[in-house]
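Some notes on the structure that comes next.
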């Protein structure tokens, strides 16, 4: 079967980790006799260097002409990179926001899973970790503060900034439906996170989520305020199955959950629209301080590629094989520097990709 995949290596460690994910995809295609046709695209700082903007209309059109997009990372050091001397709308991250909007990517899926082999890397006590945890954070991606009207003006001699948090009921309903659908395939529990004791947008969020929940009697719904959720993630992460929340809360909570797993270098993510099309990327940043040094952990990107196979291409068996390969390599004691512990074997980016590809079998 032939599938078209867009690759956006991006900046920093992006090209290195995307290269390893492609290596794993190619092995998967060989084993199951698929054909993956790749289109490499520029975005972020790499696009600024060539085109002067972080995302061109041509890149958007090319991405739309594929079945899914696999991205590495974008951005650089905000203190030293010339990209951050540009106005905000021309900086690397603006390209990602525009791409999400242009592709209609409203649902962000961020798994936070603790491998038993990495318990030593988890900062939580063993009695808190228990039997581990497996959380799916569902973050609304195209509304809220990040996309509302904003301004900075001078009023009465004082600089005053305004950011507007806006959600309508349809934006909330579609992410809630996606969250409940995913919960049906997991442990059938949704925790909706908001700030309904303060914000009108959160009160609307809670009301619409409750309306959607009526269509899913087999799924248990509970509500949690965002500050309490932040505390509960480090107090008892095993209590969560699907966390459903708005854009800014989801951004913060997913980063917190990533560190509870021991390393952000292990966490994949998917951003989906109303079809099967999706953008898949690791949850971590571009790590410019280690770029080009064969030190980056490619596992998050490789697991993102597995999500691409599962959610956009309906290749569940192949996705499971990649995930099993990652597990096998960890069981054998191979580690990149971010997850290394005494008694393990330290390997670089390319070697980790080789090891995982070698473990993929039908």
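The values are calculated or read from the model by the stated rules, or taken from the named source; none is laboratory data. A quick note: this is a predicted structure, and the numbers were derived from the prediction, not measured. Note that we place each Cβ from the backbone using ideal geometry, even for glycine, and neighbour counts take in every protein chain shown.
For the range 207-227, give me each residue that is closer than 15 Å to residue 170 by Cα and in contact with a strand residue (DSSP E or B) (Cβ under 8 Å, 6 or more places away or on another chain). 209, 210, 213 - these are the residues of the range 207-227 that are closer than 15 Å to residue 170 by Cα and in contact with a strand residue (DSSP E or B) (Cβ under 8 Å, 6 or more places away or on another chain).
For the range 207-231, residues that are outside any strand (DSSP E or B) and buried (at least 16 other Cβ atoms within 10 Å of the Cβ) total 9. Can residue 118 be described as in a loop (DSSP other than H, G, I, E, B) and more than 15 Å from residue 107 (Cβ to Cβ)? No. Does residue 259 count as at pLDDT 95 or above and under 23 Å from the mean Cα position of the chain (by Cα)? No, not satisfied. Here residue 247 clears all of (1) surrounded by fewer than 22 Cβ atoms within 10 Å (Cβ to Cβ); (2) under 24 Å from residue 312 (Cβ atoms) except the condition numbered (1). The number of residues in the range 124-174 being at pLDDT 95 or above, part of a loop (DSSP other than H, G, I, E, B) and under 16 Å from residue 108 (Cβ atoms) comes to 1. Quick check, is residue 204 surrounded by 14 or more Cβ atoms within 10 Å (Cβ to Cβ) and either touching a strand residue (DSSP E or B) at 6+ places or on another chain (Cβ under 7 Å) or at pLDDT below 95 (or both)? Here the answer is no, as residue 204 does not meet what is asked. For residue 40, the conditions (1) surrounded by fewer than 19 Cβ atoms within 10 Å (Cβ to Cβ); (2) out of contact with any strand residue (DSSP E or B) (no Cβ under 6 Å at 6 or more places or on another chain) are fulfilled apart from (2). With the structure loaded, tell me whether residue 319 is in a helix (DSSP H, G or I) and under 24 Å from residue 121 (Cα atoms) or whether it fails that test. No; evaluated as a whole, the condition is false for this residue. Screening the candidates 105, 109 for the property of being closer than 16 Å to residue 175 by Cα and assigned to a strand (DSSP E or B) yields one hit, 109.
For the range 74-83, how many residues meet the condition of being free of Cβ contacts under 8 Å to residues at least 12 places away in the same chain and over 23 Å from the mean Cα position of the chain (by Cα)?
Qualifying residue count, the range 74-83: 3.
Taken over the range 232-256, residues that are assigned to a helix (DSSP H, G or I) and over 11 Å from the mean Cα position of the chain (by Cα) amount to 13. Looking for something touching a residue at least 60 places away in the same chain (Cβ under 8 Å), assigned to a helix (DSSP H, G or I), crowded, with 21+ Cβ neighbours inside 10 Å and not assigned by TED's automatic domain parsing to the domain that holds residue 8 - is there at least one such residue anywhere in the range 261-282? Yes, that holds for at least one residue.
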